[in-house]
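The values are calculated or read from the model by the stated rules, or taken from the named source; none is laboratory data. Quick caveat: nothing in here was measured; it's all calculated off a predicted structure. With ideal geometry, Cβ positions are generated from the backbone for all residues, glycine too; neighbour counts draw on all protein chains shown. When the accessible area is computed, the model is the full protein with side chains, heavy atoms only, and any ligands, DNA or RNA have been set aside. Shrake-Rupley method; radii C 1.70, N 1.55, O 1.52, S 1.80 Å.
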Amino acid sequence: MIGKKIKEIRLAADLTQKKFGERIGIKPDFVSHLERGKAYPSYLLLEKIIDEFNVDTKWLFNKDKK
């Protein structure tokens, strides 16, 4: 679920996994793992994503598809 949202954020910013990772300080492989649900972001990483991409936390953690 959170992985799909991270992917949506990346695609909305029109970034590759490499460029997205560079903006938040992680490797492209880890971005891929996050998006596929193979890894989960830490609180600090989520904070970076929220700040860097101006993400609404309600949207990020909402289970609805809205």
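Would you point out which residue out of 42, 32 is of a type in the set (Ser, Thr, Tyr), at pLDDT 95 or above and open to solvent by 30 Å² or more (accessible area, probe 1.4 Å)?
Numbers: 32 fails: open to solvent by 30 Å² or more (accessible area, probe 1.4 Å).
From the options 42, 32, the qualifying one is 42.
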Counting just the residues of region 9-47 that are in a loop (DSSP other than H, G, I, E, B), within 19 Å of residue 61 (Cα to Cα) and among the charged types (D, E, K, R), which one comes out nearest to the chain's Cα centre (by Cα)? 36
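Which is in contact with a helix residue (DSSP H, G or I) (Cβ under 7 Å, 6 or more places away or on another chain), free of Cβ contacts under 8 Å to residues at least 60 places away in the same chain and among the charged types (D, E, K, R), of 48, 4, 58?
Working: 4 fails: in contact with a helix residue (DSSP H, G or I) (Cβ under 7 Å, 6 or more places away or on another chain); 58 fails: in contact with a helix residue (DSSP H, G or I) (Cβ under 7 Å, 6 or more places away or on another chain).
None of the other options fit; the residue is 48.
Among the residues of region 1-20, what is the count of those that are more than 11 Å from residue 34 (Cα to Cα) and buried (at least 17 other Cβ atoms within 10 Å of the Cβ)?
Taking region 1-20 as the starting set, the residues that turn out to be more than 11 Å from residue 34 (Cα to Cα) are 8-16, 18-20.
Now narrow it down to the ones that are buried (at least 17 other Cβ atoms within 10 Å of the Cβ): 9-10, 20.
The number of residues fulfilling the criteria is 3.
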